[in-house]
Amino acid sequence: MVGFYELQLILLVSSCLVFLFLERHVSRRKESKEKDLHTAERLENGEPTVSHNSLATLTRQYLIVYAIVMGADWLQGPYVYSLYREQYGLPERMVAILFVTGVWADQHGRKKLCLAFCLTYTFSCCCVSIPYLPILLLGRVCGGISTSILYSAFESWLVSSAGALALPSTDLSTIFGRATLVNGFVATGAGVASNQLVTLTNSFTSPFVASGVLLLLAYLVIRASWGENFGGGGTTPGKDLFQLKRLGQAWRIVRDDPMLLAIGLTQTCFEGSMYLFVFLWVPSLQEASPTFPTIALPLGYIFSSFMISMMLGSLLYTVVTTQSGGLTVHAKLSSLVCAFAALALATSVRSETCVGMYYPVQGMLRGTLISNEHRATLSSLFRVPLNVFVVVSLMTGVSSARSAVLSASSLMLAFSALVTAFVVVVKADDHVSPEASLRPE
């Protein structure tokens, strides 16, 4: 007999397939009508046309690598907490410390950093399989470095490559939307695969071994198919090893631009709440389950349900931006996503639907508002308050303080929604055309 969580996964997958079919049917009809019109406009304005092959090649290069690295990342998701807490028997406070322990980019080249990500994350997977606290801490440090690269250098490589090809913002928006959709499929499959691996091996370390294999595969694909690009003209790495000068320059840029301050606030509040959810969902469900620990929860299937919900959010984003994908629309979406996330933080499925919309929306806003030269450095700067928020919340958010931490996160998301509405949305119409920021410098 199909269990409760398996049934929910089947229903969510069925709903997602229906929405996917409807979305593709609508978007294909609209794309065929707009393609000739867009080409004519670019020729009339004296702008170079972009060949379909260039867009297809860039999309393929990015999405193949993106699918592999995100698959490696998601394989670890369902069982990180269980590995530390149940298999290794660590107290919850120490598990929180390991999580926050995991809490450099343009000048070294984006391709080189993505290759470094594959190696550091593989090393992190190896460390996790050794139940010795100093090694586990070292693994989390490497995992934190890897995560920082994953959510900055990969996106920066795509935006810079799109600029080199003079792709319009609508094409970049399409790639971001497809990436989120691919991410949802990959994450769903990774959740099911991790559940099966744990069942077959009776060990929570098996998904991490599989993740390491995928990371080595990603390393080979990046070396073979990606070209190198830089943000600031390839400055000498050794002169500013810890990026203090670049971070200082980035702070001065952000300080003088309220829109960038709002973007950084949104990243801190939304992604901070998301990281808290990553830590809290397993113990929260275990406490609520009347059969645990007699009957173990199918964490991989539950995780896959979350990821399907994220895909539904991605499909909703694609449908909305198919009609109009300008800066103002994305600013409004950012505000609405934060507002709904504030209301839905305690309900896992709805919260993940907001995540599915957040990443392509935030990716487009960053790609439009932040110059190519400072994109990854500003992303690193935004992660400073994000990491502080996560560390403080996790260190106080164990056991009885979970409800208080989640309530505080909801309030911060609501505040972020208001700031975005009154700053980014209001100023969006006066900003330069998104296409201008995507042209080569």
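The values are calculated or read from the model by the stated rules, or taken from the named source; none is laboratory data. Bear in mind that the values here come from a model prediction, so they are computed numbers and not experimental data. Heads up, the Cβs are rebuilt from the backbone with ideal geometry, glycines too, and the neighbour counts pull from every protein chain shown. Note: accessible area is taken over every heavy atom of the protein model, side chains too, but ligands, DNA and RNA are not part of it. Shrake-Rupley method; radii C 1.70, N 1.55, O 1.52, S 1.80 Å.
Summary table
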{"read-out": "Residue among Val221, Val254 that alone is more than 22 Å from Leu115 (Cβ to Cβ), of a type outside the set (S, T, N, Q) and either within 23 Å of the chain's Cα centre (by Cα) or modelled with pLDDT of 65 or more (or both)", "value": "Val254"}
{"read-out": "Any hit, segment 349-361, residues being over 28 Å from Ser82 (Cα atoms), in contact with a Gly (Cβ under 7 Å, 6 or more places away or on another chain) and assigned to a helix (DSSP H, G or I)", "value": "yes"}
{"read-out": "Test: residue in segment 102-119 that is at pLDDT below 90 and either β-branched (Val, Ile, Thr) or closer than 19 Å to Val278 by Cα (or both)", "value": "yes"}
{"read-out": "Residue within segment 205-218 that is over 14 Å from the mean Cα position of the chain (by Cα) and among the aromatic types (Phe, Trp, Tyr) present", "value": "yes"}
{"read-out": "Leading residue by the ranking (modelled with the highest pLDDT) among those in segment 386-441 that are small (Gly, Ala, Ser) and outside any helix (DSSP H, G or I)", "value": "Gly397"}
{"read-out": "Scan of segment 1-19 for residues that are modelled with pLDDT of 80 or more, open to solvent by less than 90 Å² (accessible area, probe 1.4 Å) and farther than 12 Å from Ile302 by Cα, ordered by number", "value": "Val13, Ser14, Ser15, Cys16, Val18"}
